[in-house]
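**Student:** Starting off with a structure, shown below.
The values are calculated or read from the model by the stated rules, or taken from the named source; none is laboratory data. Just so we're clear, the structure is a prediction, and the values are computed from it rather than from any experiment. Reconstructed Cβ throughout: ideal geometry from the backbone, glycine too, with neighbour counts over all protein chains shown. We work out accessible area using only protein heavy atoms, side chains counted, and drop any ligands, DNA or RNA first. Shrake-Rupley method; radii C 1.70, N 1.55, O 1.52, S 1.80 Å.
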Amino acid sequence: INTEVGRQKFRNVEADPRVTVTVMNAENPYQYVEARGRVVGTVGGDEARAQIDELAHKYIDGPYANPITTERVILQIAVDKVHKNGI
């Protein structure tokens, strides 16, 4: 997960590293995969900035357009449990 250190998401995982990541089928919200785990590390600096630019090019075919107000950071997650529904 790529975010900024100044965002609430980052402050939340600093206080409690447990996270859930859910990916849903846009055409059928009853089909999804959910991964539960905890943040076990972070990667910042140039690597995190390069990753958000790479993701922007992949998904919106252009540079990351949102203003970056604090340092970008990648949250590394160790998955403890995976749940699938309808897949």
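**Student:** Go ahead and run the numbers for FRET between Ala15 and Ile60, Cβ-Cβ distance against an R0 of 30 Å, rounding to 0.05.
**Tutor:** Taking R0 as 30 Å, the efficiency between Ala15 and Ile60 is 0.45.
**Student:** Just one of [x] 16, 37, 37, 10; [y] 14, 35, 31, 17, 3; [z] 20, 50, 24, 6, 1 is P(r) over Cα pairs in 10 Å bins from 0, in percent as worked out from the coordinates here. Which one is it?
**Tutor:** [x]
**Student:** Can I ask one more? Within 10 Å of each candidate Cβ there may be at most 12 other Cβ atoms; applying that plus a DSSP loop requirement, which chymotrypsin sites (Phe, Trp or Tyr not before Pro) in the chain survive?
**Tutor:** Answer in residue order: no site qualifies.
**Student:** Right, another one. Provide the net charge surrounding Gly62, with neighbours chosen by a C-beta distance below 14 Å and charges set as Lys +1, Arg +1, Asp -1, Glu -1.
**Tutor:** Local charge sum for Gly62: -2.
**Student:** Express the accessible area of the chain per residue in Å², computed with a 1.4 Å probe while the remaining protein chains stay in the model.
**Tutor:** With all protein chains present, the chain gives 72 Å² per residue.
**Student:** Moving on to the next point. Determine which residues of region 47-86 fall in the zone a paramagnetic label at Gln31 would reach in this model, i.e. backbone nitrogen under 15 Å from the point 7 Å along Cα→Cβ.
**Tutor:** Once the point is set 7 Å along Cα→Cβ of Gln31, 84-86 turn out to lie under 15 Å by backbone N, inside region 47-86.
**Student:** Then there's this: So what is the relative contact order of the chain, in percent, for Cα pairs below 8 Å that sit 6 or more residues apart?
**Tutor:** RCO, the chain: 42 percent.
**Student:** Right, something else. Set Lys and Arg Cβ to +1 and Asp and Glu Cβ to -1, take the dipole of the chain about its Cα centre, and tell me which of Ala15, Ala65, Val5 lies farthest positive.
**Tutor:** Ala15
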